[in-house]
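Shown next, in structure tokens, is the structure this report addresses.
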Amino acid sequence: MKQSEPPPGRADGDGSTAHLPDDVACRLDGGPQDDAIDAAARTRLDGVDETRKVEVPRALPEIPGIDVRRVVGTGSSGTVYLGRRKTSGRPRVAVKVLAASLRGTVVEERFRREVEITSRLDCVHIVKTTAAGVTDGLPFVVSDWVAGRSMTGLGPIAVGDAVAVGRQMAIALTHMERAGVVHRDVKPGNIVADGADRGGLRATLIDFGLARGPDDDETEHGLLSPRQSLGSPNYLAPEQLEHPGRVDCRADLYALGSTLYELICGRPPFVGKPRDVLQAKLNGDPACPIESRVGGLPGDLPELIGRLLRIDREERPGSPREVLDTLRDIETRLEDSG
């Protein structure tokens, strides 16, 4: 059955209705942390999160070895600058600096964790951290400049391009699984794409502010409280709502399925108010099959997306590598038929 918006709740067999965790419901009802899913979302520095802007410092930061040029974006926890290395070739870099108002908070700790986690990763489809430090008492991180633009709002795009982006994200997730990292916020807004791969889109995964590292315990060394939730409503896996400290790569695979769905359809699997979307996921409501929205898709692509979006993670593909192999096969057939 098609649905334009997910139902606000589904009665269970005993006549009761599943409910969101109290802390999430509070945030979505406009509580002290507004409509963000978690305070840790304030670590986003790519300019996508518009819910909580910070004041841009008047002076450009001084970063060793970097010629900081200008502000390119502000997020809910700091400012992003364009810079160039003071070396031959002068390659461009992005410099992210935490907001002064967040010094000493859990957000600062997540900022530092992002640096630690991304420094473990070396993949062409993952933003590369190259340096970190402190300037005027505030932590900063320097990363390679990622050319292109966020994929937010780009859908629907050509099926072949969507499959290419999915393949490249599966490469990134395969690398992350080997390193013991779970991103927990895979979505179009955290994928930057340009036209430089096989003559088509080249995609890069950014923003590891909510990532889970390989050495984390269930509370992430005190950063996670019971029943706390992390992620973006339209893309997070159901299990991430209640147990973000226990998720594995299959949560990122669910988010990849949601992203593919949106790139192909022009809308995510569930639409509506954040609270309703999350309630539908908590209730176990299935997404509308993608083949009922878009016709003419390669036969195994709807099947793959459907498996990625299974409520029970045990029913999803077991690894990013399995997804990568399937998307490579689909991409090859699309190229041969073109």
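So, in region 248-276, how many residues would count as being in a helix (DSSP H, G or I) and at pLDDT 95 or above?
17
Look at region 308-320 and say how many of its residues are within 19 Å of the chain's Cα centre (by Cα) and among the charged types (D, E, K, R).
Qualifying residue count, region 308-320: 3.
Taking region 85-135 only, how many residues are under 13 Å from Phe208 (Cβ atoms) and either acidic (Asp, Glu) or touching an Asp or Glu at 6+ places or on another chain (Cβ under 7 Å) (or both)?
4
Going by what's in this entry, would Ala280 be described as among the small types (Gly, Ala, Ser) and within 17 Å of the chain's Cα centre (by Cα)?
no
Tell me which of these Pro298 doesn't satisfy, since it passes every other one: (1) closer than 23 Å to Val181 by Cβ; (2) over 14 Å from the mean Cα position of the chain (by Cα); (3) not β-branched (Val, Ile, Thr).
Only one criterion in (1) closer than 23 Å to Val181 by Cβ; (2) over 14 Å from the mean Cα position of the chain (by Cα); (3) not β-branched (Val, Ile, Thr) is unmet by Pro298, namely (1).
Only one of (1) under 24 Å from Ala203 (Cβ atoms); (2) in contact (Cβ under 8 Å) with a residue 60 or more places away in the chain fails for Val106. Which number is that?
(1)
Do any residues in region 287-304 that are under 22 Å from Leu236 (Cα atoms) have Cβ atoms under 6 Å from those of residues that are modelled with pLDDT of 95 or more and polar (S, T, N, Q), where the two are at least six apart or on different chains, and which pairs are they?
Hits for this filter: Leu304/Thr326.
For region 298-310: of the residues being at pLDDT 95 or above and part of a loop (DSSP other than H, G, I, E, B), which is surrounded by the fewest Cβ atoms within 10 Å (Cβ to Cβ)?
The extreme case among them is Arg310.
Looking at region 61-84, can you tell me whether even one residue there is within 23 Å of Arg184 (Cβ to Cβ), touching a Ser or Thr at 6+ places or on another chain (Cβ under 8 Å) and of a type in the set (Asp, Glu)?
no
Do you know which residues across region 138-169 are of a type in the set (Val, Ile, Thr) and within 27 Å of Arg112 (Cβ to Cβ)?
Those that are of a type in the set (Val, Ile, Thr) and within 27 Å of Arg112 (Cβ to Cβ): Val141, Val142, Val146, Thr152.
Kindly evaluate Arg321 against the criterion of being under 25 Å from Val181 (Cβ atoms), assigned to a helix (DSSP H, G or I), out of contact with any His (no Cβ under 9 Å at 6 or more places or on another chain) and in contact (Cβ under 8 Å) with a residue 12 or more places away in the chain.
Yes: the conditions hold for Arg321.
Scan Thr118, Thr129, Thr152, Thr135 and give me the residue that is over 29 Å from Ile171 (Cα atoms) and touching a residue at least 12 places away in the same chain (Cβ under 8 Å).
Only one candidate qualifies: Thr135.
For the condition among the acidic types (Asp, Glu), in contact with a helix residue (DSSP H, G or I) (Cβ under 7 Å, 6 or more places away or on another chain) and under 20 Å from Leu308 (Cα atoms), what is the one hit in Glu114, Glu177, Glu108?
After ruling out the rest, the residue left standing is Glu177.
The values are calculated or read from the model by the stated rules, or taken from the named source; none is laboratory data. What you see is a predicted model; the values in this text were computed from it and never measured. Every residue, glycine as well, gets a Cβ built from its backbone with ideal geometry; the counts of neighbours run over all protein chains shown.
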